[in-house]
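To start, the structure itself, in structure tokens.
We did not get these values from a lab; they are worked out from the coordinates using the rules stated. A quick note: this is a predicted structure, and the numbers were derived from the prediction, not measured. Using ideal geometry, Cβ is built from the backbone for each residue, glycine included, and neighbour counts are taken over all protein chains shown.
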Amino acid sequence: MDMIFKALNDPARRALLDSLRQRDGQTLGELEEQFDMTRFGVMKHLKVLEGAHLIVTRRQGRFKYHYLNALPLQEMLDRWVAPFLQPQARALSDLKSRLERETRMGKPDFMMQTFIRCSQDALWEALTRADQMAAYHFMCNEVHGDATPGNITRFVKPDGSDMLRQVTTEMDPKSRIAMTFEPLFMGPDAPASHMVYLIEPQGEACKLTIEHYDMAPGQEGFAEGWARLAASLKSYLETGTPLKAAM
């Protein structure tokens, strides 16, 4: 927590976070062009932000891309703000971030990661079984179709309409799931994109990384949806209670 406060205490670092919030996945050179700082100065500030887990990085070829990771900020709000604003404090999120893994899909447009205190089997079932997806999804009470290769998974809103449709394209048991992402909530002609779940056991917990590829202009708001899903999934697996009502 101290590292987060320290990282946010500098206006230059806050400006870097603002830049990544507006356009995620920038290189050092792209960030350097926006500020009246030396390359070394920008690198120094990015190192502090990465140490506080407020950004995550991914190397693709000779370039290193930087992504805003807002989950530690949500953790801070849950710990220090929410208890004073809500009748009951929401469960403290144990969300951290660190990522450097190559995929065959190129540079993701969005990345998010969290640590969940659960077994690898439990997390895998929560991400692949329709009944469990329905239990923690923040908007849909029904999900039809388990996540198996070639299968269609439909997320159904309480009014009976489909919110989202996904087709599982690749699957490495208990470690990786690649799926299409068809945002029907944006209309039947909304462009589809692709997403990946990556699972890595970390002692008594699992690290879950979410990558989203091929996002069309205007789809930047997907980031909030992923944050809601990750928070509800974490609560569901750690406490047995999702965060549907709170959202």
Inset, instruction - Note down the nm distance, to one decimal, between modelled labels 7 Å out along Cα→Cβ at GLU170 and at ASP2. - result: 4.2 nm
Legend entry - Order by protection proxy (mean Cβ within 10 Å, highest first), peptides 48-54, 164-170, 111-117: 111-117, 48-54, 164-170
Inset, instruction - In vacuum, with every alpha carbon of the range 2-68 counted as one equal point scatterer, what does the Debye formula give for log10 I(q)/I(0) at q = 0.13, 0.19, 0.28 Å⁻¹? Two decimals, please. - result: -0.30, -0.66, -1.43
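Restricting things to Cα coordinates, could you compute the convex hull volume per residue of the range 120-176 in Å³?
68 Å³
Take the alpha carbon gyration tensor of the range 179-247, find the square roots of its eigenvalues, order them as a ≥ b ≥ c, and report rounded if a/c is under 1.5; if not, report prolate when a/b exceeds b/c, else oblate. Could you put the intermediate results ahead of the total?
Working: a/c = 2.96, a/b = 1.58, b/c = 1.87.
It comes out oblate by the Cα gyration axes.
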Inset, instruction - Sort VAL42, VAL143 so the one with the fewest other Cβ atoms within 10 Å of its own Cβ comes first. - result: VAL42, VAL143
Legend entry - Simple label model, 7 Å out from Cα along Cβ direction - LYS44 to GLU32, nm: 1.5 nm
Legend entry - Taking SER235, SER161 and counting other C-beta atoms within 10 Å, the order from fewest to most: SER161, SER235
Inset, instruction - Work from the charge dipole of the range 167-247 (Cβ charges, +1 for Lys and Arg, -1 for Asp and Glu, about the Cα centre) and give the residue of TYR236, ALA223, ILE210 farthest towards its positive end. - result: TYR236
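Can you tell me the convex hull volume per residue for the range 153-217, based on C-alpha atoms, in Å³ to the nearest whole number?
Details: hull volume 6.9 nm³, N = 65.
Spelled out: Cα convex hull of the range 153-217, divided by residues, is 107 Å³.
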Legend entry - Inter-probe distance in nm under a simple model that places probes 7 Å from Cα toward Cβ, at ASN151 and ARG14: 4.8 nm
Legend entry - Residues in the range 132-147 that a label on SER161 would reach, taking backbone N under 17 Å of a point 7 Å out along Cα→Cβ: 139-142
Legend entry - Rounded to whole Hz, the Karplus (6.51, -1.76, 1.60) HN-Hα couplings of the range 201-213, x for glycine and proline: x, 9, x, 7, 10, 10, 8, 10, 10, 10, 10, 10, 10
Inset, instruction - Excluding residues on the same chain fewer than 8 positions from LYS244, give the lysines whose Cα lies under 21 Å from its Cα. - result: LYS157, LYS234
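How high is the relative contact order of the chain, in percent, with contacts defined as C-alpha pairs under 8 Å that are six or more residues apart? Each step should come with its number before you reach the end.
Values: 457 pairs, mean separation 37.6, N = 247.
Normalised by residue count, the contact order of the chain is 15 percent.
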